[in-house]
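Undergrad: Got a structure for you, questions after.
Just so you know, all these numbers are worked out from the coordinates, no wet-lab data involved. Note that the structure is a prediction, hence the values are computed from the model and not measured. Note that we place each Cβ from the backbone using ideal geometry, even for glycine, and neighbour counts take in every protein chain shown.
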Amino acid sequence: METGLYHAYVDILKEELIPAMGCTEPIAVAYAAAIAAKTLGALPEDVDICVSGNIIKNVKSVIVPNTGGLKGLNAAAAAGIAAGDPDRELQVISAVTPEQTKEIAKFLDTAHFTVRRSESGLVFDIEITVSAGGHWASCRIAGFHTNVISIKKDGAVLLEKEYCEAGGERKTDRSLLTVEKIVEFADALDAADVKETLGRQIEYNMAIAEEGMKGSYGANIGKTLVAAYGSSVWVRAKAMAAAGSDARMNGCELPVVINSGSGNQGITASVPVIVYARELGVSEDMLLRALAVSNLVTIHLKTGIGSLSAYCGSTSAGCGAGAGITYMYGGRYNEIAHTVVNAVAINSGMICDGAKASCAAKIASAVEAGLLGMQMYMHGNEFYGGDGIVTKGVENTINNVGKLARDGMSQTDKEIINIMIEK
């Protein structure tokens, strides 16, 4: 593989697979609020939260960790202000003490909060303005969860950078990704280049999956799957991934390694591959290669869709998981391409109606589609170009998915947000 492209793929993995605690949208709100409060230099009396509809959708129903079970935008902002450490970025509230949890609740009761829907037109937009004693400060994040584009205090601009639709300076060009090159990368991979990144993903994401299977979180989708259908590897791959989401969506304070800005997608792209790797008894080297395939296929699919949309992101991650497992079974470009196309044909169209307990069930469905897509091709069956959104060539089909999710479902996204706000 060409050296420059190889290193670009390594960089993409390192950029995307970063730790976060809690659902990433409320954590991004907490991060912006922590920066604003630190800039103000005092405990705010008033907090103005101005966010895009998709942020409202993904914060409304999910428990914010380390808050004693609180949900919503006010809770996320309060956690960042009263107990957050902005230097930790997406782990901004990971070190909250029990005493600070009480301070969060007290701050919610004493401060005045205003929530407004942003009119910027951006899908991902968070601006927190805090004030006290006649002074104010603000922080704005746009495009993705850690992309701080503005910090101000009393009208003075402390940081200002132009919003870039492509995401910002940290982003390696995602258009370099193709399924064929992803497989080539995995075959050429020097495990040392990704061992820290992927090793952390294995450690964190399996820990929260195991916690989800042990504890009682949300609707307990992971435990229900095993209780209802047994403990075959086919079931466990879905159940463990779902259990990770059970825990994460319902207040578990364990961190995860995310993919494409999402912890649920990070769990979905990794846990089923790890479960199969342990069942098959493959080497650590093979597991790392398979995880590289799964994560990069997920990122590739998500690139054309965007960070937030009406299209459930776990669908892409389920395709990635199927691709990674296919790689471990000896499949290469041809087999993986057909697995992805089959999986896309099965599950595209599953909606995202915000972060909440039912995400775990959607993850189980996404992993099922990835596994079925793999088994279809193993048994000589496939979907063909002209079958719905499927067209000849895996890259052409992936492009169709991007158009469907980004353009075709834009009105669906608006209706979902309107329904959720009206509720």
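Undergrad: Pop the C-beta distance of GLU395 and ASP187 into the FRET formula with R0 = 22 Å and round what comes out to the nearest 0.05.
TA: After rounding to 0.05, the efficiency reads 0.70.
Undergrad: Bin by bin, in steps of 10 Å, what percent of the Cα pairs in the range 273-380 do you find, going until the bin that has the longest distance?
TA: Over the range 273-380, the share of Cα pairs per 10 Å bin runs 17, 48, 30, 6 percent.
Undergrad: Continuing with the same structure: Using Cα-only point scatterers and the Debye equation, what is log10 of I(q)/I(0) for the range 173-422 at each q in 0.07, 0.09 Å⁻¹, rounded to two decimals?
TA: The Debye formula, applied to the Cα set alone, gives -0.20, -0.34.
Undergrad: Can you tell me the order of 46-58, 204-216 when each peptide is scored by its average per-residue count of other Cβ atoms within 10 angstrom, highest first?
TA: Ranked by mean Cβ neighbours within 10 Å, highest first: 46-58, 204-216.
Undergrad: Once the chain is represented by equal point scatterers at the alpha-carbon sites, with solvent omitted, what log10 I(q)/I(0) does the Debye formula produce at q = 0.08, 0.09 Å⁻¹?
TA: With no solvent term, the Cα-only Debye profile gives -0.41, -0.52.
Undergrad: Next question. What FRET efficiency would be calculated for the residue pair ILE351, GLU253, taking the C-beta separation as r and a Förster radius of 30 Å, to the nearest 0.05? Let's see the in-between values first.
TA: Working: r = 28 Å, r/R0 = 0.95.
It comes to 0.60.
Undergrad: While we're looking at this one, here's another question. Taking 25 °C and 0.890 mPa s as the conditions, I'd like the Stokes-Einstein D for the range 1-67 in µm²/s, using the Kirkwood hydrodynamic radius from alpha carbon pairs.
TA: In µm²/s, the coefficient is 165.
Undergrad: Compare the Cα positions of ILE63, PHE113, VAL51 along the charge dipole of the range 24-160 (+1 at Cβ of Lys, Arg; -1 at Cβ of Asp, Glu; about the Cα centre) and return the one farthest towards the positive end.
TA: Selected residue: ILE63.
Undergrad: Report, largest value first, the span of the C-alpha coordinates of the range 212-260 along each principal axis, in whole Å.
TA: The Cα atoms of the range 212-260 stretch 28, 23, 14 Å along the principal axes, largest first.
Undergrad: Same structure again: Under the 0.36 nm per residue contour assumption, what length would be gained going from the current alpha-carbon distance of SER358 and GLU2 to full extension?
TA: Computed gain between SER358 and GLU2 is 123.9 nm.
Undergrad: Oh, and also: Hey, got the Cα dimensions of the range 111-210 along the principal axes, in Å, largest first?
TA: Result, largest extent first: 60, 35, 24 Å.
Undergrad: Follow-up. So if the hydrodynamic radius of the range 24-160 is defined as the Kirkwood radius over C-alpha pairs, what does Stokes-Einstein give as its diffusion coefficient at 20 °C and 1.002 mPa s, in µm² per second?
TA: 150 µm²/s
Undergrad: Using label points projected 7 Å from each Cα along Cα→Cβ, tell me how many nm separate ASP11 and ASP109, to one decimal.
TA: Each label point lies 7 Å from its Cα, and together they span 5.1 nm.
Undergrad: Of the peptides 149-158, 267-276, 14-23, 128-137, how do they stack up when ordered by the mean number of other Cβ atoms within 10 Å, highest first?
TA: The peptides rank, most packed first, as 267-276, 14-23, 128-137, 149-158.
Undergrad: If you stretched the chain out fully between TYR329 and LYS195, how much longer would it get, using 0.36 nm times the residue separation minus the C-alpha to C-alpha distance?
TA: Details: separation 134, 0.36 × 134 = 48.24 nm, distance 2.11 nm.
Using 0.36 nm per residue and subtracting the Cα-Cα distance, I get 46.1 nm.
Undergrad: If the viscosity is 0.692 mPa s and the temperature 37 °C, what translational diffusion coefficient in µm²/s does Stokes-Einstein give for the range 318-374 when Rh comes from Kirkwood over Cα pairs? Display every interim value, and only then the final one.
TA: Numbers: Rh = 11.4 Å.
Here the translational diffusion coefficient equals 287 µm²/s.
Undergrad: Still on this model: Taking N as the number of residues in the range 157-304, what is its alpha-carbon radius of gyration divided by 2.2 N^0.38 Å? Please list the in-between numbers first.
TA: Numbers: Rg = 17.0 Å, N = 148, 2.2 N^0.38 = 14.7 Å.
Cα-based Rg divided by the globular estimate yields 1.16.
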